[in-house]
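What follows is one structure encoded as structure tokens, with my remarks underneath.
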Amino acid sequence: MPVVAQIGQCIYCHATNDLRDEHIVPFALGGQWVLGKASCPACADKTSAFEGDVLRGELLMARSALGIKTRHAKDRPTRKKAVLIRDSQPLELDLPVNQAVVELPLMEFEMPAYLSGRRYASGISVKGIRVYNVGQITPEELVREHGASGLQLTISNKAVSFGRMIAKIAYTYTVASCGLDALEVVYVLPALVGDVDDIGMWVGSEVSGPRGSLRLNQHRLALKTINRDVICGIQLFGTSSLKYLCVVGHLAPGKTIPAEAPLAMRSSL
Ligand SMILES: [Zn+2]
């Protein structure tokens, strides 16, 4: 794993003992870039809790179908349940993954409340879910094969955890690009390791065009500033149509973001 910067203190709480490396894009999503010695055990526990919600939950089957490397190969699902609708009745099937419809669900949020200026209380508003088909069979094929009329789709909603995962990618990428001392305020920090549920204030989506196809071998990250607030744009799996935005924090005096991203803006699977 390429270490893009050695930090030497926890990027969340500044502890200096027993530090671990911190992935920018999670390893479970194929992320390669690592901040060296950047997270203490207590903070790592907190961040892996919400990442686990997303990565072991809704994305587990998709990760398996895509063949993304895992440290826990034995946990990889080999079968998937499907519910078809046949003669107006539900028909339950238990299929090997390679014969099942596998969805990669990506949540579409409202714009970050901080950027849109809308009223905001807590949590994060989901506008919709973009479902990308990543299995070896399409929903139409499965439906036809079983003489059914439809396929029931069930996607669990771990929106806050998904939003926190986006914020963690954005924050670690900002630290990698600008250094830990670049931000005088880290807006997302309380939502990452505190008990504050204000993730929708800082994280959201920007829908930039018609639904695009998935490019499975890359994630794209970029930074910009608005009034010295650092905004990170994140396109997971190269989805050109769905970009996440995270208002990471406010630049300290004299600090800037680099004109050229120091990391390759893609992380291959
Ligand atoms: Zn810490």
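What the table below lists for this structure:
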| read-out | value |
| --- | --- |
| The range 36-47 - phi-based ³J(HN,Hα) in whole Hz, Karplus 6.51/-1.76/1.60, Gly and Pro as x | x, 6, 10, 8, 7, x, 5, 6, 4, 4, 5, 6 |
| Under-5 Å amide H pairs with V196, H placed in peptide plane, nonlocal only | none |
| Trypsin sites (Lys or Arg not before Pro) restricted to the range 74-130 and DSSP loop, no more than 15 other C-beta within 10 Å | R118, R119 |
| Phi-based couplings in Hz for the range 17-27 (Karplus 6.51, -1.76, 1.60; Gly and Pro marked x) | 9, 6, 7, 10, 6, 10, 6, 7, 7, x, 3 |
| Of A182, A259, A170, the one that fluctuates the most in a GNM where the chain has Cα springs shorter than 10 Å | A259 |
| DSSP bridge pairs, the range 1-91: antiparallel proportion in percent, nearest 5 | 65 |
| Amide H within-cut-off set for A252, under 5 Å, with H built and near neighbours excluded | L183, E184 |
| The chain pair-distance distribution - Cα-Cα, 5 Å bins, rounded % | 1, 6, 12, 16, 18, 16, 12, 8, 5, 3, 2, 1, 0, 0 |
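No value in this document is a laboratory result; all are computed from the given coordinates. Please read these numbers as outputs of a predicted model, since none were measured by experiment. Positions of Cβ are backbone-derived with ideal geometry, glycine not excepted, and every protein chain shown enters the neighbour counts.
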